[in-house]
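As structure tokens, the structure follows; a few thoughts come after it.
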Amino acid sequence: MWRNIARSAAASSLRRSRRFSTAIPGPCIVHKRGADILHDPWFNKDTGFPLTERDRLGLRGLLPPRVISFEHQYARFMESYRSLEKNTLGQPDSVVSLAKWRILNRLHDRNETLYYRVLIDNIKDFAPIIYTPTVGLVCQNYSGLFRRPRGMYFSGKDKGEMMSMIYNWPAHQVDMIVITDGSRILGLGDLGVQGIGIPIGKLDMYVAAAGINPQRILPIMLDVGTNNQRLLEDRLYLGLRQPRLEGEEYLSVVDELMEAIFTRWPKAIVQFEDFQMKWAFETLQRYRKKFCMFNDDIQGTAGVALAGLLGTVRAQGRPLTDFVNQKIVVVGAGSAGIGVLNMAAQAASRIAGNTGASPNHQFYLLDKDGLITKERKNIDPAAAPFAKGPGEIEGLREGASLLEVVKKVKPHVLLGLSGVGGVFNEEVLKAMRESDSTKPAIFAMSNPTMNAECTAADAFKHAGENIVFASGSPFANVNLGNGKVGHVNQANNMYLFPGIGLGTLLAGAHFISDGMLQAAAECLASYMSDEETQNGILYPSIDSIRHITAEVGAAVLRAAVAEELAEGHGDVGPRELEHMSKEETVEYIIRNMWFPIYSPLVHEK
Ligand SMILES: NC(=O)c1ccc[n+]([C@@H]2O[C@H](COP(=O)([O-])OP(=O)(O)OC[C@H]3O[C@@H](n4cnc5c(N)ncnc54)[C@H](O)[C@@H]3O)[C@@H](O)[C@H]2O)c1
Ligand SMILES: O=C(O)C[C@H](O)C(=O)O
Ligand SMILES: [Mg+2]
């Protein structure tokens, strides 16, 4: 009975997702035979190899005789996943999440086609396991969890060797690379080499959401040491046991890696992820015009937050032009917080029609030392444009506490990117009841869950039921009683980075412009209907992430075409891209999404 239910549920979700599949899978060339294929997750089909293929590839006798269909393999995996869920009921969240991660990771290591199919079809359930928040726990426990490597590892000790090392990667073509130096993993700090989990999780989202072929992705860890004393003393730690490289020494290592990457794959796109603030901004500035790259924490996050901020204006039933009047308090002046403010300021001045008035007078920025004003000593240059002058903050002093700021400003929006769990405490949330907005917005965007500025339940309890709430990590909707539900949005850059990467790739752009990023944010902002935003729903459900990504990708591609940055991809040249309508561009993007289906394997020496 259960088997049938599991199978029919699997079959219906397979049907649902087929709209993204290409009709008949073309053959796939493989340069291996026999057991080597079974041990290669790109090509392995486990018991799914048809008999003719077993003969052709020298697999006969290496597998049990019965051939199991893909649908049956899928149902079998889902059954074991569901029984794991049943068997771990009542155990601590971290134990359950890690057990789920392990079973998914084992499949990932064995059979990527089946892995990505279950991931795509069950993205809402599985994203919190392979991505945020569980990926944070995985990074924290990486040395103990390590079984086999994934991606590439470059270290400070490889200086002078990177250009040849990059050719050790087995794929001929790589489209998307996510790279970290592990220095600021989510809100968990410096995790050194253990941060490799982040590029892996981000690239899984690229496959699931953007349909990038998993044979063309590459997670990279750049290990320049760690300043995390606990890791340096941990005998199981797998990274370099030395303090982080700094200054020119650090930059020369990153330079060498970037040169190596783009020498081998000139058309690749590189996403920088979870670099500590000083290097996040510095590397973005250094490489942005030279290579096709972006920083997701600065630029991806900014677009997602801006879409949410515009959504909160619509949620109040006000026209978008009212955005310039919104008082926004940003807590956290790091790469993410400053990135958000830069993009919000650009949007405000666009909306204000470039009147020349200071676009950011409605923004308030706090860091660990409180409100940032022009009196701040050694102010970070990136934060300086948002520092308040004496005339702008009557009654507030340099370093004023968050509570003081909220009480005085009565902001429309309170947005946290501080990495500190619980800083939106009961008093702060209660103070938001006095907000000048009819629907105050609370964005607790820090990750993972423990580091969120507040929980969803606390936000609705203390700040009131009429708030709009969003968090970076997933929380369940809140039951407000009397049949009412407090909707929880997930304000996470996963809604944008896959579309930014895919749109740039298919445009064949060599540079990711502000216009392309702005197009991505605007596309996400306009995705929801007025009715949805007025019900506090600012972002779509993650179930539709492939569709959102197709739309965002098309917006990015069209912006690249408009700016004459598109050079085309494969057989499709810039002229053809130029002549595509909006709908045709979305269709083009969808047609180019890889979909997990077993292809006939053809051996070639
Ligand atoms: N939801 C998303 O999509 C998303 C995207 C990017 C980053 N993030 C999260 O945002 C957080 C910050 O990321 P980042 O790259 O900006 O980090 P960062 O280290 O560059 O910056 C953190 C900032 O928070 C400030 N801060 C620390 N303690 C504070 C306190 N008690 N009160 C006020 N400010 C405080 C610091 O002074 C610093 O300015 C992380 O938890 C990260 O996971 C979420
Ligand atoms: O990784 C995430 O979930 C979002 C973001 O990039 C972060 O650093 O927190
Ligand atoms: Mg990040």
Roughly speaking, what is the centre-to-centre gap between the stretch 529-588 and the stretch 466-506 when only Cα atoms are used, to the nearest Å? 20
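Order ARG575, ARG244 by their accessible area, 1.4 angstrom probe, all chains in place, largest first.
So the residues, ranked largest to smallest area, are ARG575, ARG244.
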Average accessible area per residue (Å²) across the stretch 495-592 - probe 1.4 Å, nucleic acids and ligands excluded: 40
Full-stretch length increase - GLU249, LYS278 - with 0.36 nm per residue and alpha-carbon distance subtracted: 9.0 nm
Would any residue of the stretch 366-403 have its amide N under 17 Å from a label point 7 Å out along Cα→Cβ of GLU434? List them or say none. 393-397, 400-403
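Compute the accessible area per residue over the stretch 300-490, keeping the other protein chains in place, probe 1.4 Å, unit Å².
So the stretch 300-490 comes to 40 Å² accessible per residue, rounded to a whole number.
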With +1 on each Lys and Arg Cβ and -1 on each Asp and Glu Cβ, and nothing else charged, work out how big the dipole of the chain is about its Cα centre, in Debye to the nearest 20. 1680
Would you list, by chain and number, the aspartates and glutamates whose Cα falls below 17 Å from the Cα of LYS388, excluding same-chain residues fewer than 8 positions away? ASP367, ASP369, GLU375, ASP380, GLU398, GLU404
What list of ³J(HN,Hα) values in whole Hz, one per residue of the stretch 280-290 in order, does the Karplus curve 6.51 cos²θ - 1.76 cosθ + 1.60 (θ = phi - 60°) give from phi, with Gly and Pro shown as x? 4, 5, 4, 6, 4, 5, 5, 10, 4, 8, 8
Please list, in chain and number order, the residues 5+ apart from ASN295 or on another chain whose amide H is under 5 Å from its amide H, with Hs placed from the backbone. PHE272
Can you give the FRET efficiency for THR88 and THR47, using 1/(1 + (r/R0)^6), R0 = 25 Å, r = Cβ-Cβ distance, to the nearest 0.05? 0.40
Ordered by residue, what ³J(HN,Hα) values in Hz, to whole numbers, does the stretch 88-99 give under the Karplus form 6.51 cos²θ - 1.76 cosθ + 1.60, where θ = phi - 60° and Gly and Pro are x? 9, 3, x, 7, x, 3, 5, 5, 5, 4, 5, 5
Carbon and sulfur: what percent of the stretch 495-592's accessible surface (1.4 Å probe)? 45
Using θ = phi - 60° and Karplus 6.51 cos²θ - 1.76 cosθ + 1.60, couplings along the stretch 62-73 (whole Hz; Gly, Pro as x): 8, 9, x, x, 6, 8, 9, 6, 4, 4, 5, 4
Expressed as a percent, the accessible surface of the stretch 244-353 that is carbon or sulfur, using a 1.4 Å probe and the full set of protein chains, is 52
By per-residue mean of other Cβ atoms within 10 Å, what is the highest-first order of 299-306, 115-122, 567-574? 299-306, 115-122, 567-574
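Taking only the alpha-carbon atoms of the chain, what semi-axes of the equivalent ellipsoid follow from 5 times the gyration tensor eigenvalues under a square root, in whole Å, largest first?
For the chain, the semi-axes come out at 40, 27, 25 Å.
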Solvent-accessible ranking of THR47, THR52, largest area first, probe 1.4 Å: THR52, THR47
Rounded Å value of the spacing that divides the Cα centres of the stretch 198-239 and the stretch 406-444: 33
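Using the Cα atoms as the points, what is the convex hull volume per residue of the stretch 447-605 in Å³?
182
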Compute the long axis of helix 545-562 from its Cα atoms, compare it with the longest principal axis of the Cα atoms of the chain, and write down the angle in degrees, 0 to 90, nearest 10. 70
Paramagnetic reach from PHE511 (point 7 Å along Cα→Cβ, amide N under 16 Å) across the stretch 531-560: 559-560
Lys, Arg +1 and Asp, Glu -1 on Cβ, resulting dipole of the stretch 300-490 about Cα centre, debye, nearest 20: 320
Low-density loop chymotrypsin sites (Phe, Trp or Tyr not before Pro), the stretch 153-233, at most 14 other Cβ within 10 Å, DSSP non-H/G/I/E/B, are none
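Counting only C-alpha contacts under 8 Å and six or more residues apart, can you give the relative contact order of the stretch 272-415 as a whole percent?
Contact order relative to length: 23 percent.
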Calculated FRET efficiency for the pair ARG230/ASN425, C-beta based, R₀ 22 Å, to 0.05: 0.20
Take the residue pairs LYS439/LYS582; LYS267/LYS605; LYS202/LYS407; LYS86/LYS439; LYS32/LYS267 and return only those whose Cα atoms are more than 31 Å apart. LYS439/LYS582; LYS202/LYS407; LYS86/LYS439
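The values are calculated or read from the model by the stated rules, or taken from the named source; none is laboratory data. Fair warning: this is a prediction, and the values are worked out from it, not measured in the lab. All Cβ positions, even for glycine, are placed from backbone atoms using ideal geometry, and neighbour counts span all protein chains on display. Accessible surface areas use protein heavy atoms only, side chains included; no ligands, DNA or RNA. Shrake-Rupley method; radii C 1.70, N 1.55, O 1.52, S 1.80 Å.
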